Every structure is written in structure tokens, then in C-alpha cells.
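Asker: Pasting a structure here, questions to come.
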Amino acid sequence: MIHNLSSVRTQSPYLPFGDRQDAPFYGRDILSVKQFNRGDLEMIFGVAREMKEMVRRVGSFDLLKGKILANLFYEPSTRTSSSFTAAMERLGGSVIRINEVHYSSVSKGESLPDTVRTLEAYSDVIVLRHPEAGSAELAARYARKPVINAGDGIGEHPTQALLDLFTICEELGDPKGLTVTMLGDLKYGRTVHSLARLLTLYDVRLNYVSPEILRMPAEVMDEVAEKGISQREYTDLEPVLAETDVLYVTRVQKERFASEAEYDQVKGLYVIDSQTMARAKEDMILMHPLPRITEIAMEVDDDPRAAYFRQMEYGLYIRMALLAMVLGKA
Amino acid sequence: MIHNLSSVRTQSPYLPFGDRQDAPFYGRDILSVKQFNRGDLEMIFGVAREMKEMVRRVGSFDLLKGKILANLFYEPSTRTSSSFTAAMERLGGSVIRINEVHYSSVSKGESLPDTVRTLEAYSDVIVLRHPEAGSAELAARYARKPVINAGDGIGEHPTQALLDLFTICEELGDPKGLTVTMLGDLKYGRTVHSLARLLTLYDVRLNYVSPEILRMPAEVMDEVAEKGISQREYTDLEPVLAETDVLYVTRVQKERFASEAEYDQVKGLYVIDSQTMARAKEDMILMHPLPRITEIAMEVDDDPRAAYFRQMEYGLYIRMALLAMVLGKA
Amino acid sequence: MIHNLSSVRTQSPYLPFGDRQDAPFYGRDILSVKQFNRGDLEMIFGVAREMKEMVRRVGSFDLLKGKILANLFYEPSTRTSSSFTAAMERLGGSVIRINEVHYSSVSKGESLPDTVRTLEAYSDVIVLRHPEAGSAELAARYARKPVINAGDGIGEHPTQALLDLFTICEELGDPKGLTVTMLGDLKYGRTVHSLARLLTLYDVRLNYVSPEILRMPAEVMDEVAEKGISQREYTDLEPVLAETDVLYVTRVQKERFASEAEYDQVKGLYVIDSQTMARAKEDMILMHPLPRITEIAMEVDDDPRAAYFRQMEYGLYIRMALLAMVLGKA
């Protein structure tokens with residue numbers, strides 16, 4: 001139901017006095033990066049900046065006091081689940097966690113629409129993580145309460161893409177003119193697909209560095225090309241390292257390769273260490289969606305350009321902003 | 001210890017100023033539907049109606065602020081666990097979840113009395129789900145804090161029965177004179193046993209529709225008969241559909257039958273679809289304890305008589321009422 | 001990094017107005033009993049007593065409102081996890097639970113330092129339970145937020161030792177001159193090692209009663225001896241029962257013995273029942289870290305000298321005190 005995402009919900013049985021029904025995004029679902037234009041992003045980032053400021057000043061505050069988030073995770077994701085939980089709690093709200101889905105009604109065969117309609121009897125907003133693409137859209141079709149997609153398989157993970165873009169904006173300012181280099185597994189990395197799509201809203205240059213078998217999918221490249229954004233592909237970071245403003249690293253998994261020998265041949269090319277950083281710009285940033293295994297050496301962590309732990313923190317502010325907005329409080 | 005359920009507890013180490021020790025149900029356990037008379041039900045439903053009104057008006061409020069619920073689940077039940085969690089959170093209280101009991105001290109062999117006495121050092125009220133009948137009573141015998149039975153095996157699930165009855169009262173008014181038809185697996189369905197028992201407090205007519213091998217147990221029928229309530233048994237819904245005010249559906253599981261052939265023979269008789277609803281009263285309601293698999297077709301969900309999702313919401317109000325009452329706040 | 005535990009952290013990105021940075025223990029990690037001197041203990045116990053008084057009077061209060069605890073459990077411990085959760089909630093704070101670590105990023109190979117640095121983006125204090133000795137220290141080295149060790153394998157479990165000592169002080173007053181008898185498995189019992197170490201700060205006499213193969217390790221005995229504390233070893237409780245002020249019981253597990261026959265020979269010596277208690281002092285106390293299986297008969301539970309359930313409650317106050325102190329609020 002992406003086509004009518006902007007329809008305002010007015011039937012909430014828990015509509016408290018004081019909700020601003022005319023607030024932007026009030027009652028809307030957050031399902032895909034495709035639903036946002038630049039104005040939307042600026043609005044979201046503006047609220048996220050306010051959240052960041054409030055967290056720095058007072059830690060938490062009661063903007064969503066009395067509101068309940070149902071955190072429905074059909075597959076584990078400590079990071080995303082904790083981030084939404086913290087976001088809700090820093091806004092004074094409460095969380096119902098349903099992340100042992102293998103034990104639950106769901107494992108007795110209950111359908112996602114039924115689970116969602118049950119949970120909305122108890123909660124004000126639903127965050128859904130599900131292994132199947134399209135599941136967030138399905139849930140949103142049945143739910144009267146807003147649904148936020150926290151990753152649906154090879155589909156979308158819009159809050160990750162928003163926090164990635166927000167990180168770039170906060171660390172480097174307006175993305176206009178930046179060179180963003182994506183490195184590693186660009187084929188299976190949902191993260192880089194969404195970020196590439198979002199970046200088409202800005203005048204950036206994109207470099208894709210990956211092993212031959214893990215190239216950025218044609219589908220994504222076609223979409224980016226349509227928007228007139230410059231894209232170039234490489235199998236080695238060296239040629240573009242010196243010009244890169246944002247180096248976005250993803251893990252290259254051994255399992256993707258036909259043989260260990262094939263993997264051994266390329267793996268060194270996709271590891272960032274102090275020597276790599278020595279040849280990078282002084283004011284670039286190094287990003288990673290985490291968890292990181294060996295693709296960024298721990299020695300890099302103390303480099304001020306290493307932005308991946310700050311990236312986690314930006315994620316908190318983005319999720320606080322989204323929760324406040326869909327609940328009509330920002 | 002059902003015989004002395006009404007004994008008031010006065011030794012709580014956490015007794016805060018302002019608890020109304022003379023409040024009805026203060027400090028009591030909620031273990032069985034057998035502990036309630038009509039006056040009790042009216043009191044609980046009165047409080048539940050206030051909860052419903054408050055939730056509609058303000059969403060949440062701080063009646064139980066500072067109180068802690070220990071949600072102790074020895075078997076999974078997303079629905080019941082989430083409902084109690086939401087109930088506590090909408091009242092401003094907090095929840096400690098212990099529902100990975102397979103990992104816990106319990107799996108090291110600790111007894112239920114010890115677990116309960118440990119948890120009450122941290123909490124103000126304990127909600128217990130346990131696979132063994134009688135376990136809630138055992139827990140209550142050792143706990144100084146109130147224990148609420150959230151289902152003990154083939155034993156009781158009193159809050160489910162209360163929410164079922166509350167649904168009937170809210171949707172159709174005084175149950176007096178209503179025809180309530182229970183359909184499906186009446187032998188193993190703890191839910192229908194408890195509801196049938198509770199309904200004996202009202203002047204209703206009961207129909208039981210089930211396969212021969214899944215008939216309502218004689219024990220329950222004897223109890224109902226003693227109260228002078230009319231009961232009739234059928235293997236087919238058709239003869240009573242037109243006169244039914246409340247159709248309570250439960251799932252008929254394939255596993256109950258000796259052979260798949262035997263199951264296939266009857267299963268069609270216990271599925272509700274639009275055609276069924278077309279022959280039902282205009283002002284009847286269709287109930288189901290959920291999760292629903294195939295026994296009610298999804299096409300029925302939009303029928304205003306389909307009450308099963310509203311039933312979930314009534315459950316929230318009932319559990320809010322019970323928590324507030326046993327903690328002396330209502 | 002135990003040597004610089006007392007370094008004050010001043011870089012917290014969430015430093016709210018009003019935190020008392022000059023408060024004792026502000027921003028410090030709680031990693032080992034070795035970090036405390038008697039003055040520290042008296043300060044902690046003083047705050048714990050205030051917590052006890054506040055809980056008795058008002059149940060909960062908002063000292064840590066807006067603060068978030070990340071409860072990171074790499075192995076299950078219902079008791080400890082619930083106790084910290086309750087402590088945080090009784091202080092008005094919130095909790096993020098990460099205790100399905102087998103599902104989490106960690107199982108994808110993420111390092112503890114990375115997990116900790118991610119969680120501190122969301123939380124104000126981290127409680128860590130981990131199977132490997134030294135892990136709490138490792139986490140603290142990387143975290144900017146305070147880390148509290150909730151047990152790291154055969155390493156330390158300082159909050160358990162503190163609550164054990166606090167129980168003795170609250171039940172019997174100044175430990176000076178008390179005879180403390182530790183019974184059962186003294187070899188593998190992390191609890192008794194830490195308690196013995198802590199008790200060296202007081203002028204007590206220690207008895208160790210255990211099977212030959214489960215004697216108190218030489219390493220611990222050497223440390224205790226260095227402080228000039230009297231220690232005696234026995235294989236039978238009888239000789240010291242009558243003089244014992246504190247009897248601390250731990251479980252003797254069958255698995256520790258070469259054969260069932262060997263176990264059967266000794267097990268009776270390490271079970272406390274009413275007959276044992278009949279020969280004990282009138283004002284002694286019986287302690288146990290729980291869970292208890294058969295090593296203390298249930299018939300003893302009603303004996304006023306049975307302190308093990310009260311011990312759980314003292315644990316709540318100790319953990320409330322520590323959380324408030326490291327967060328600069330006490």
C-alpha cells in the first residue's frame with residue numbers, strides 16, 4: 001500500500017487529547033525509502049537534530065509518555081531492536097517486546113495480519129522485523145496503527161538508510177558534491193542498496209568497489225542512473241580512495257565464494273586498516289552498518305574519521321524522530 | 001488454597017502509603033473462575049469499563065506508577081504475556097519478564113515455590129503461566145504478593161474467561177436470555193470450560209456443537225446442569241445457528257483424530273465463512289480466543305459481528321482492572 | 001583496568017544537568033570485590049539502607065528517571081537479571097534487555113568491545129554477565145559508560161558478594177567477631193571465594209566445611225591468611241555448628257564426584273534440615289545464594305534464622321545503591 005502511505009489515520013481507538021493530527025507523518029507507515037522526497041528527509045533530520053540536542057541536554061524526556069511500542073521481531077537483531085527500545089524509552093514511552101516468535105502464536109501458524117491486529121489492541125505503534133520481503137507492507141495493510149519496517153528480508157530497511165544518510169549530513173554537511181564509495185559485498189547488502197537509492201536525491205558521485213561476483217545489482221544501478229547520478233565500478237579501492245569523502249564498508253562473507261581459494265584471493269582488498277586510512281582524505285568518514293568482524297581493523301577505531309560507532313548513535317535520534325512523528329508528537 | 005482466597009494480605013514489605021487496603025480484591029490471588037460470584041463480576045467489569053474509558057481518553061495513566069509486575073511464563077504465550085505487559089504499562093507500572101524459563105534457575109531444578117519467593121522480593125504482583133494444573137494455587141500458597149493465574153495447563157485460565165464474558169456484556173448487554181453456542185473442540189478447550197462455568201451465574205441457554213470425540217466433558221456439563229442452566233449437544237451448527245446470539249468458535253485440531261480421513265469428514269462442519277454468517281442473526285457476535293487458523297475464514301473479519309479482535313482489546317481492560325484491584329488501587 | 005577504576009569519566013555524551021560528578025563512584029566500573037576498602041563498603045551499605053527505607057515507604061521513586069540500563073547477559077541468570085531490572089525500575093529508570101545473545105550479533109562473531117560500544121550509544125550504564133573470566137574488565141576498557149560485572153565465569157560476581165556481606169551486616173550488625181562457616185562446594189563456588197575475600201576486611205573467623213575434593217582453593221586461603229584472618233577446614237559441620245553465627249550453604253553437585261557411590265557417601269553431610277537447625281545458635285543466620293535444590297530442606301524455610309529469601313531482597317537494595325552511585329545520583 002505504498003501508494004497511499006500518506007493517508008492520515010483517524011480511527012485510532014487510543015487517540016489521546018493533544019495528538020497533533022495535522023503533524024507531518026502522523027499515523028503514517030514507514031515502509032520504504034522510496035516513500036521519501038527531499039522535503040521529507042529534511043523534516044525528519046530536523047526532528048532528529050532536536051532529539052540529539054535533547055538527549056545531550058536532558059538524556060530523556062516525556063514526549064511519548066503513556067505510548068506503547070510493540071517491537072515485533074520475527075528474526076533476531078539485537079542492534080535494531082535495542083535501538084528502537086532505547087528510542088522509545090528516551091521519549092518516556094514503553095515497549096512490548098515480541099521477539100521469541102519461534103515460541104509464539106506465530107509458530108502455531110497464525111498469520112501476520114492476525115498477529116498485527118492483536119498487537120495493535122495493546123500498542124500505539126508497531127515496529128516489524130521479518131525475513132520476507134513485502135511483509136511490512138502486508139502488516140501495514142491490516143494495521144490501523146502505524147507500522148515501521150525494521151527490515152523485511154531482501155526488501156527494505158528504511159530506518160538504516162535514513163540513519164546512514166543522517167550520519168553523512170551530520171558529519172560532513174550537505175551531501176552535494178560528495179564522493180561516496182561503497183565497498184565490499186554490494187550484491188547482498190540491503191544497506192547499500194537503500195543508501196544508494198536515497199543518495200539519488202542529492203548531487204553526489206557514487207563508486208562501487210566489490211569482487212566481481214558481488215557487484216551492485218543492475219536493478220539498483222538502473223534506478224540510480226535514471227536520476228542522472230554518476231556511478232563507477234571497481235574491484236579495488238586504491239583508484240578511488242584518495243578522492244573518497246564517505247567510505248561505506250560492508251562485510252565480504254566467505255560463504256559467498258565458490259571456494260576458499262577464491263575468497264583468499266580477494267579478501268585482503270576489502271579490509272581497512274591504518275595503512276588504508278593513511279592514504280585517505282583528512283576529512284573523510286569511514287562508515288559501517290555493524291556488526292564488523294575483520295573488515296575494519298580495530299586499530300582504526302581511534303581514528304577520528306571512524307564514524308561507525310557514532311553512526312549507531314545517529315540511529316537512535318532517527319528512530320526517536322520517526323516514533324515521535326508517526327505518533328503525532330513532532 | 002481457593003477456600004481462603006479472600007483473606008487479605010497485610011504483610012507486604014512494599015506496602016506504600018496510600019494503598020487502599022479496604023479495596024475489594026486487595027492483595028487477593030486470581031486463580032479460578034470458581035472464586036467469583038455475580039457481585040464480584042459486576043465489580044470487576046465496572047472497573048474494566050472505567051479502564052476502557054480512560055484508555056480511550058488518555059491512552060495511559062499513572063495509577064500503578066512505581067509498581068512492578070513479574071510476568072513468569074513457563075510456557076510461551078505471546079498474546080497473554082503481551083496483554084498483561086500492556087495492561088501494566090498503560091497503568092504506568094513496570095514489568096519484569098521471565099519467559100525464557102528453559103534457561104533459568106528453573107531448569108537447574110529450582111522449585112516453583114522458591115522461584116516465586118525470589119521474584120516477590122523484586123515485584124508487587126506475579127502473573128504465572130505454567131503447564132501444570134494446580135501450579136497457580138501452589139505458587140499462591142507460598143507467595144505473600146498476589147498471584148494471577150494466566151493459565152495452568154488443563155486447569156484454569158480465569159482472565160480469559162473474564163474477558164470472554166466481558167466481551168458478551170459489552171457487545172450485547174446483560175447476558176440474561178442469550179443463546180450461547182460453543183463450537184469446535186469442546187473437550188480440550190480450557191477456554192470453553194471456564195466460560196461455560198462463568199455463564200452459569202446468568203440465565204443463558206448453552207449449545208455445544210462438536211465432533212463426537214470432542215464433546216464437552218461430563219464434568220463440566222454436570223456442573224452446569226446443577227445450576228439449572230439449559231444445555232443441548234449437537235454435531236452440526238445448522239440447527240442452532242439461527243437462534244444463536246453468541247457463537248464461540250474454537251479450533252478443531254487434526255491431531256485429535258485417529259486418522260486424516262476421520263478429520264476430513266468433519267472439518268468442514270466447523271469452519272465459519274460468509275455463507276455461515278449470512279444465515280446468522282443480525283445482532284449476534286462471533287467470538288474466538290485466537291490464534292485462529294482456518295476455522296474462521298478471513299473474509300469474515302470485516303463483518304461487524306466478528307468480535308474476536310475487539311475481544312483482545314476487552315482483555316486489556318480486564319487485566320488492567322484486575323492488576324489495579326489486587327494492588328489496592330481500584 | 002582495575003588499577004584505574006577510580007578514574008572519573010567526564011566524556012559522557014548523555015551527561016544530563018544535575019548529575020553530581022563529585023559523587024563517590026560516579027562513572028566508575030564495578031568489576032571486582034578487590035576494588036573496595038571498608039570505607040567504600042560502608043558508603044555503599046549506607047546508600048543501600050536508604051534504598052531499603054525508600055522501598056518500604058514508597059515502593060519506587062524517580063531518582064534515575066530517564067536513565068537507561070543495558071542488561072547484557074551472555075549466559076542466562078534469571079535471578080541476577082531480574083534483580084537488576086527491578087532495581088532500575090524501582091528507581092524510575094528503564095531497561096534494555098539483551099539476553100538472547102545466542103541469536104544476536106554476537107553469534108555472528110561480533111567482539112565484546114564492539115557490542116559494548118554499540119550498547120552505550122543507547123544506554124547510560126551496562127550490566128554484563130559473561131561466561132569468561134576477565135570479560136567485564138575487557139568491556140570496561142572500551143566502554144565510556146560505567147560497566148557493572150554481574151558475573152564473569154570463574155572470575156568475579158561482586159554484587160553477589162556485596163549483598164552477602166550486606167545481609168550479614170543487616171541481620172547481625174557489625175561482622176566483628178562473628179564466626180562464618182561456609183559449607184558445601186567451596187572449590188567451584190565463586191560466591192564463597194568472593195565473600196571470603198570481602199570478609200578479610202573485618203575481624204571474623206572462617207570455617208570451611210566441604211568434601212575433600214571440594215576444598216577451598218589454596219589461592220583464596222592464602223589471600224585470607226595474608227590478612228591475618230583465622231581459617232579452619234573440616235569435612236563435617238558438626239564440630240563447628242554450635243559456634244557458627246553465619247552458616248553459608250552452597251550446593252554439592254553430584255557431577256563433581258568420580259562415582260555416584262562416592263557422592264552418596266558424603267551428600268548427607270551437606271544437607272541442612274530442622275534437626276541441624278535445632279543444634280545451631282538461636283541468633284545465627286542461614287544463608288544460600290540460591291537456587292537451592294535439596295541442600296536445605298524446605299521445612300527450614302519457616303525458621304526465622306533462614307535468611308536466604310531476605311538475602312534476595314538485600315540484593316535489590318545493593319543493586320539500587322550501585323546503579324544510583326555510578327550514575328552520580330547518590
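Read the figures in this text as sums done on the coordinates, not as results from a lab. Keep in mind that what you see is a predicted model, and the values were worked out from it rather than measured. When we count neighbours, we look across all protein chains shown, and the Cβ atoms used for this are built from the backbone with ideal geometry, even at glycine.
Asker: Pick from B:Pro175, B:Pro146, B:Pro131 the residue whose mean-square fluctuation is largest in a GNM of chain B, springs joining Cα atoms under 10 Å.
Answerer: B:Pro131
Asker: What is the local net charge at C:Ile296, summed over the other residues whose Cβ is closer than 11 Å to its Cβ (Lys, Arg +1; Asp, Glu -1)?
Answerer: Every neighbour counted, the sum reads -4.
Asker: Put a label point 7 Å from Cα along the Cβ direction on A:Gly173, then list its distances to the equivalent points in the other copies in nm, shortest first.
Answerer: 7.2, 7.2
Asker: Give, as a single signed number, the net charge of other residues whose beta carbon lies under 12 Å from the beta carbon of C:Glu137, with Lys and Arg counted +1 and Asp and Glu -1.
Answerer: Counting the neighbours of C:Glu137, the net charge comes to -2.
Asker: Going down the list B:Lys187/B:Lys254; C:Lys52/C:Lys227; C:Lys34/C:Lys267; A:Lys329/B:Lys67, which pairs span over 23 Å between their C-alpha atoms?
Answerer: C:Lys52/C:Lys227; C:Lys34/C:Lys267; A:Lys329/B:Lys67
Asker: Which whole-angstrom value gives the distance between the alpha carbon centres of segment C:171-211 and segment A:221-288?
Answerer: 58 Å
Asker: Okay, next question. How large is the charge dipole for chain A, taken about the Cα centre, if only the Cβ atoms of Lys, Arg (+1) and Asp, Glu (-1) carry charge, to the nearest 20 debye?
Answerer: It comes to approximately 1220 debye.
Asker: Taking each residue of C:68-81 in turn, how many C-beta atoms of other protein chains fall within 10 Å of its C-beta, and what is the average?
Answerer: Counting other chains' Cβ atoms within 10 Å and averaging over C:68-81 gives 4.
Asker: Right, something else. Charges at C-beta only: +1 for Lys and Arg, -1 for Asp and Glu. How large is the resulting dipole of the protein assembly as shown about its Cα centre, in Debye rounded to 20?
Answerer: 2200 debye
Asker: So, one more: Taking amide H positions as placed 1.01 Å from N in the peptide plane, with prolines and chain starts having none, which residues 5 or more places from C:Phe73, or on another chain, fall under 5 Å of its amide H?
Answerer: C:Ile98, C:Asn99, C:Arg129
Asker: Would you calculate the separation in nanometres between label points at B:Glu282 and B:Gln231, each defined as 7 Å from the Cα along the Cα-to-beta-carbon direction?
Answerer: The modelled label-to-label distance comes out at 3.4 nm.
Asker: Per-residue counts of other Cβ atoms within 10 Å, averaged by peptide: what ranking do you get for C:257-264, A:22-29, A:88-95, highest first?
Answerer: A:88-95, A:22-29, C:257-264
Asker: Oh, and also: For A:Ile148, what residues show an amide H to amide H distance below 5 Å, using hydrogens built from the backbone and excluding near sequence neighbours?
Answerer: The list, which skips near neighbours in sequence, is A:Ile30, A:Ile126, A:Val127, A:Leu128.
Asker: Okay, moving on. Quick one: what are the phi-derived ³J(HN,Hα) couplings along segment B:161-176, Karplus 6.51/-1.76/1.60 with θ = phi - 60°, whole Hz, x for glycine and proline?
Answerer: Whole-Hz 3J(HN,Hα) from phi for segment B:161-176: 5, 5, 6, 5, 5, 4, 4, 4, 5, 6, 7, 10, x, 3, x, 3.
Asker: From the square roots a ≥ b ≥ c of the eigenvalues of the alpha-carbon gyration tensor of segment B:145-244, which class results: rounded (a/c under 1.5), prolate (a/b over b/c), or oblate?
Answerer: oblate
Asker: With labels modelled as points extended 7 Å from the Cα through the Cβ direction, what inter-label distance (nm, one decimal) is found for B:Arg215 paired with A:Ile213?
Answerer: Roughly 6.6 nm, to one decimal.
Asker: Taking all pairs of distinct Cα atoms, average 1/r, flip it, and tell me the Kirkwood hydrodynamic radius of segment A:261-322 in Å to one decimal place.
Answerer: Its Kirkwood hydrodynamic radius stands at 13.1 Å.
Asker: Got a sec? Charge dipole of chain B, +1 on Cβ for Lys and Arg, -1 for Asp and Glu; which of B:Ser123, B:Ser135, B:Phe309 is way out at the positive end?
Answerer: Comparing the listed Cα positions along the dipole, B:Ser123 ranks first.
Asker: Let me ask something else. Out of A:Ser194, A:Ser32, A:Ser230, any idea which swings most in a Gaussian network model of chain A, alpha carbons joined below 10 Å?
Answerer: Looking only at A:Ser194, A:Ser32, A:Ser230, the biggest GNM fluctuation is shown by A:Ser230.
Asker: Now for a different question. Every other copy gets compared here: list the nm distances from the A:Glu243 label point (7 Å along Cα to Cβ) to its counterparts, shortest first, one decimal.
Answerer: Those label-point separations list as 8.5, 8.6 nm.
Asker: Given H placed 1.01 Å from N in the peptide plane, which residues other than close sequence neighbours of B:Gly328 have an amide H under 5 Å from its amide H?
Answerer: Here the answer is B:Gly27, since their amide H atoms fall under 5 Å of that of B:Gly328.
Asker: Between C:Arg305, C:Arg319, C:Arg292, find the one with the highest GNM mean-square fluctuation for chain C; connect C-alpha pairs within less than 10 Å.
Answerer: For chain C, modelled as a Gaussian network with Cα springs under 10 Å, the answer is C:Arg292.
Asker: Please average, across the residues of A:290-297, the number of beta carbons from any other chain that are within 10 Å of each residue's own beta carbon, and give a whole number.
Answerer: 4
Asker: Short version: ³J(HN,Hα) in whole Hz for each residue of segment A:181-194, in order, from phi by Karplus 6.51 cos²θ - 1.76 cosθ + 1.60 (θ = phi - 60°), x for Gly and Pro, what are they?
Answerer: 10, 9, 10, x, 8, 9, 7, 9, x, 3, 4, 5, 4, 5
Asker: So for the pair C:Asp40, C:Glu132, with labels modelled 7 Å out along Cα→Cβ, what separation do we get in nm?
Answerer: Once both label points are built, they end up 2.5 nm from each other.
Asker: In whole Hz, what ³J(HN,Hα) sequence does segment A:202-214 give by Karplus (6.51, -1.76, 1.60; θ = phi - 60°), x for Gly and Pro?
Answerer: Result, rounded to whole Hz: 10, 8, 10, 10, 10, 10, 10, 10, 7, x, 3, 7, 10.
Asker: Could you give, in nm with one decimal, how far A:Glu219 is from each other copy of that position, shortest first, with labels 7 Å out from Cα toward Cβ?
Answerer: Between copies, matching label points for A:Glu219 lie 5.6, 5.6 nm apart.
Asker: Could you calculate the FRET efficiency of A:Asp174 with C:Phe61 from 1/(1 + (r/R0)^6), where r is the beta carbon distance between them and R0 is 51 Å, rounded to 0.05?
Answerer: 0.65
Asker: Find the relative contact order for segment B:184-330 and round it to a whole percent, using C-alpha pairs within less than 8 Å whose residues are 6+ positions apart.
Answerer: 20 percent
Asker: Also: So what's the net charge close to A:Arg90: Lys and Arg +1, Asp and Glu -1, counting the other residues with Cβ under 14 Å from its Cβ?
Answerer: That works out to +2.
Asker: Right, another one. For A:Asp273, put the label point 7 Å out on the Cα→Cβ axis and report which residues of segment A:284-306 keep their amide N under 15 Å from it.
Answerer: Answer for segment A:284-306: A:294-301.
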